[in-house]
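The values are calculated or read from the model by the stated rules, or taken from the named source; none is laboratory data. Everything quoted here is computed from the prediction, not taken from an experiment. Glycine gets a Cβ as well: all are built from the backbone with ideal geometry, and neighbour counts include every protein chain shown.
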Number of protein chains: 2
Amino acid sequence: MVSTMLTTAGFHVLLALAGEPAHGYAIMRFVEQVSGGAVKLGPGTLYRTISRLLADGLVEETEEGDPAAPHDARRRYYRLTQAGEAAARAEAELMARMVTAAREAGLVT
Amino acid sequence: MVSTMLTTAGFHVLLALAGEPAHGYAIMRFVEQVSGGAVKLGPGTLYRTISRLLADGLVEETEEGDPAAPHDARRRYYRLTQAGEAAARAEAELMARMVTAAREAGLVT
DNA sequence: CTTGGTTATATCCAAGTCGGATATAACCAC
DNA sequence: GTGGTTATATCCGACTTGGATATAACCAAG
């Protein structure tokens with residue numbers, strides 16, 4: 001489609017990271033939870049999407065996230081870059097526009 | 001991703017048809033206009049998406065649309081089916097949820 | 001009427017993306 | 001130390017996309 005450089009999966013991941021850094025598995029659960037179970041990222045899509053976002057400079061790896069959580073050597077934490085935040089914001093604004101259009105068409109109340 | 005059976009392109013087309021029946025080219029312009037130029041459907045994506053929506057029973061062809069417009073033999077008009085309207089509504093509600101989450105994360109104002 | 005730009009639909013291909021399966025292993029409670 | 005959950009990684013076949021190409025109806029200008 002032209003628009004942003006984001007796929008739907010990419011946007012969901014960025015949105016999950018907008019609040020605070022997180023590791024892959026936490027992103028997966030966040031996406032499922034915030035969508036009310038409607039959106040589920042399988043491991044393939046999840047980790048493939050993360051590497052794409054890394055390569056595109058929208059996300060970066062960070063040393064350790066939540067200091068309250070017990071250390072787990074397997075986890076890899078990610079956070080948004082400035083470019084990632086900008087891309088997520090642009091996409092969210094586009095979505096808000098779509099929701100408005102849907103409302104005007106009487107699709108949703 | 002799991003969620004609905006809709007691709008992003010599919011949703012844009014359904015949204016364009018939510019107001020009133022339209023033909024392919026009009027859908028294309030609607031999508032571009034309502035997104036402020038951010039989303040452009042090329043002919044490949046447009047007509048392929050329409051045939052998929054037809055096959056899935058979300059859209060149906062209708063004899064002629066706008067009676068005010070001059071007749072043009074090339075045009076093929078489409079309108080939402082009930083299933084299509086339901087799918088579009090479900091997707092719009094999911095999007096509204098995402099926009100809310102983006103707001104809570106401070107991504108958009 | 002014919003020429004040229006726009007509108008309109010349709011199909012093809014290479015490239016990109018996805019879902020789900022499979023693999024591996026650290027973690028933790030019992 | 002065993003078993004279920006958490007966690008990351010990669011592979012494959014299937015599906016989707018972007019952009020090019022093709023074809024032709026429409027219509028205004030000359």
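Here is a list: A:Y78, A:Y47. Which entry is in contact with a Leu (Cβ under 7 Å, 6 or more places away or on another chain), among the aromatic types (F, W, Y) and more than 10 Å from chain B (Cβ to nearest Cβ)?
Of the residues listed, the single one that is in contact with a Leu (Cβ under 7 Å, 6 or more places away or on another chain), among the aromatic types (F, W, Y) and more than 10 Å from chain B (Cβ to nearest Cβ) is A:Y78.
Counting just the residues of region A:73-96 that are touching a residue at least 24 places away in the same chain (Cβ under 8 Å) and among the charged types (D, E, K, R), which one comes out nearest to A:V59 (Cα to Cα)?
So the residue we want is A:R79.
Filter the helices (runs of 4 or more DSSP H) completely within region A:1-96 down to those with at least 3 residues that are more than 10 Å from DNA strand D (Cβ to nearest atom) and surrounded by 15 or more Cβ atoms within 10 Å (Cβ to Cβ).
Counting at least 3 such residues, we get A:8-19, A:24-34.
Which condition number in (1) within 12 Å of another protein chain (Cβ to nearest Cβ); (2) within 16 Å of DNA strand C (Cβ to nearest atom); (3) surrounded by 15 or more Cβ atoms within 10 Å (Cβ to Cβ) is the one that A:A105 fails?
Here A:A105 clears every test but (2).
Out of all the residues in region B:82-98, which are touching a strand residue (DSSP E or B) at 6+ places or on another chain (Cβ under 6 Å) and either over 13 Å from B:V13 (Cα atoms) or facing chain A (nearest Cβ under 7 Å) (or both)?
none
Looking at (1) more than 19 Å from B:A88 (Cα to Cα); (2) assigned to a loop (DSSP other than H, G, I, E, B); (3) of a type outside the set (F, W, Y), which is the only condition A:G106 fails?
Here A:G106 clears every test but (1).
The conditions are (1) in contact with a helix residue (DSSP H, G or I) (Cβ under 6 Å, 6 or more places away or on another chain); (2) within 26 Å of B:S35 (Cα to Cα), and A:L46 fails exactly one of them. Which is it?
(2)
Which condition does A:P67 not pass, out of (1) more than 15 Å from B:E91 (Cα to Cα); (2) of a type outside the set (A, V, I, L, M); (3) modelled with pLDDT of 95 or more, if it passes all the others?
Just one mismatch for A:P67, condition (3).
Check off (1) more than 10 Å from every other protein chain (Cβ to nearest Cβ); (2) under 10 Å from the mean Cα position of the chain (by Cα) for A:G24 and give me the number that stays unchecked.
Single failed check for A:G24: (2).
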